[in-house]
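The values are calculated or read from the model by the stated rules, or taken from the named source; none is laboratory data. Not measured: the values here are computed from a predicted model. FYI the Cβ positions are ideal-geometry reconstructions off the backbone, even for glycines, and counts take in every protein chain you see.
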Amino acid sequence: MGPTSFVIHCERDDVFLRGHEACTLTHVARRLADLLGCPFAGRHDRRRRYPGKLFVFAVDPLLPPVARALGVTSAADLFGSVVPHPLVGTKAITHGLVHARAARPPGWPSAFAARVREAVLPGYTVFSARDARTAITRLLRGGAVRAKDPRGAASRGQTVIDHPRDLDKLLESWDREALARHGLVLERNLARVRCLSVGQVSAAGLVVSYHGVQRETLGNDERPTYGGSELVCVRGGWDALERLDLSPEVRHAVAQARIYDAATEVFPGFIASRRNYDVGQGADADGRAYAGVFEASWRPGGASGAEVAALQAFAADPAAERVDVATVERHGEDFEPPADACVHFNRVDPTSGPALRYTRIAAIVRRVA
């Protein structure tokens with residue numbers, strides 16, 4: 001028996017819920033509910049009794065107790081993921097600790113970092129100021145270091161460190177308890193970088209895999225921010241994606257994403273129907289080439305409008321083998337969406353100002369009879 005109610009699970013505050021990101025995700029969720037043929041019941045309310053089984057659009061990764069309460073037992077029950085520990089849903093897991101006796105929170109997944117070491121940039125995750133200083137001393141020997149708040153999204157919470165005193169200044173602004181709980185990522189900084197997206201989603205009995213590129217745009221504050229993704233989507237899993245005529249750079253990105261994805265088997269009870277990997281390729285300030293997975297997103301994200309549009313296109317056309325689709329995000333008042341775009345948001349965000357977000361299918365390639 002299929003789900004009888006489609007709900008959005010979100011525990012963030014009202015400021016987030018009024019913003020363009022939440023409104024876009026709600027619009028994408030409605031389109032996914034239509035694909036599933038499941039009545040859309042809005043944001044999940046713990047006080048409400050829902051008839052039958054739920055399908056959960058999980059804005060953030062679910063922890064096991066929450067997943068059980070919602071009836072999520074497999075990837076077919078949600079769009080998003082179930083993770084065994086809050087850290088697993090952040091950038092923190094991408095790198096290992098600086099030494100065997102380094103500080104770490106309970107549940108730290110050491111085995112994961114060991115599995116992905118060859119697929120990520122040089123770096124460490126630290127949970128104390130002492131370990132941060134040890135890590136920065138090692139990393140600065142090879143050039144500048146990028147410090148990342150593991151909870152940050154869209155390049156927020158990041159800074160470049162060129163000297164140990166830069167780290168000291170950063171640590172002064174960090175709450176010690178937050179550092180011990182959430183950690184700090186320190187990794188090789190790339191001065192010239194191209195960010196590729198590699199991912200896979202499943203819903204309505206379909207599996208779609210893709211590669212693509214991310215764009216930057218300027219926010220209303222004139223600072224660079226996420227501007228959308230252009231995806232090439234295929235029907236099927238990773239092997240179907242690798243059968244495409246890929247450039248060497250894209251093929252390498254897919255290989256690194258697959259290493260990162262396969263390592264999730266170390267997490268007990270891990271479930272994901274949305275798997276997205278940001279892979280950076282570029283060079284440091286001295287011209288040395290690097291490539292590696294920056295982070296994973298196992299929750300609905302900026303590319304999910306395109307992911308759901310691809311799922312809809314494959315469901316509607318059994319002959320479709322490839323879908324080229326893009327999500328676009330623009331800030332300001334001078335932008336108009338194309339006539340054939342699916343507009344998710346086109347008004348003033350109360351926090352960040354005017355914003356436009358839409359999805360547009362550029363091409364559908366069909367199987368030749």
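Go through the stretch 251-263 and count every residue that is touching a strand residue (DSSP E or B) at 6+ places or on another chain (Cβ under 7 Å) and touching a residue at least 60 places away in the same chain (Cβ under 8 Å). Result for the stretch 251-263: 4.
To keep it simple, each residue is scored yes or no on (1) among the aliphatic types (A, V, I, L, M); (2) part of a loop (DSSP other than H, G, I, E, B); (3) modelled with pLDDT of 95 or more.
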site: Thr225; (1), (2), (3): no, no, no
site: Leu231; (1), (2), (3): yes, no, yes
site: Val234; (1), (2), (3): yes, no, yes
site: Leu246; (1), (2), (3): yes, yes, yes
site: Val254; (1), (2), (3): yes, no, yes
site: Arg258; (1), (2), (3): no, no, yes
site: Ala263; (1), (2), (3): yes, no, yes
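Would a scan of the stretch 46-58 turn up a residue that is touching an Asp or Glu at 6+ places or on another chain (Cβ under 7 Å) and either modelled with pLDDT under 95 or loosely packed, with under 15 Cβ neighbours inside 10 Å (or both)?
no
Within the stretch 196-222, being without any contact (Cβ under 8 Å) to a residue 24 or more places away in the chain and farther than 18 Å from Asp334 by Cβ holds for Gly205, Val213. Scanning the stretch 131-167 for residues being without any contact (Cβ under 8 Å) to a residue 12 or more places away in the chain and more than 21 Å from the chain's Cα centre (by Cα) gives a total of 3. Can you say whether Leu179 is within 20 Å of Thr90 (Cα to Cα), at pLDDT 95 or above and in the same structural domain as Gly96 (by TED's automatic domain parsing), as far as the supplied structure shows? Taking the combined requirement at face value, the residue satisfies it.
State all residues of the stretch 60-90 that are closer than 12 Å to Trp298 by Cα and in a loop (DSSP other than H, G, I, E, B); if no residue qualifies, say none. Within the stretch 60-90, Asp60, Pro61, Gly80, Val83, Thr90 qualify.
Restricted to the stretch 94-119, and to residues there that are among the hydrophobic types (A, V, I, L, M, F, W, C) and in contact with an Asp or Glu (Cβ under 9 Å, 6 or more places away or on another chain), the residue that is surrounded by the most Cβ atoms within 10 Å (Cβ to Cβ) is Val98. Using the structure shown, decide if Arg138 is assigned by TED's automatic domain parsing to the domain that holds Glu172, under 20 Å from Leu171 (Cβ atoms) and in a strand (DSSP E or B). Taking the combined requirement at face value, the residue does not satisfy it. For the stretch 110-119, residues that are in contact (Cβ under 8 Å) with a residue 60 or more places away in the chain and under 15 Å from Gly183 (Cβ atoms) total 1. Note on the stretch 276-369: enclosed strands (runs of 3 or more DSSP E) holding 2 or more residues that are touching a Leu at 6+ places or on another chain (Cβ under 6 Å) and of a type outside the set (Gly, Ala, Ser) are 320-331.
Only residues that are surrounded by fewer than 24 Cβ atoms within 10 Å (Cβ to Cβ) and either touching a helix residue (DSSP H, G or I) at 6+ places or on another chain (Cβ under 7 Å) or not assigned by TED's automatic domain parsing to the domain that holds Val234 (or both) were counted in the stretch 300-326, giving 4.
Checked against (1) at negative phi; (2) buried (at least 19 other Cβ atoms within 10 Å of the Cβ), Pro65 passes all but condition (2).
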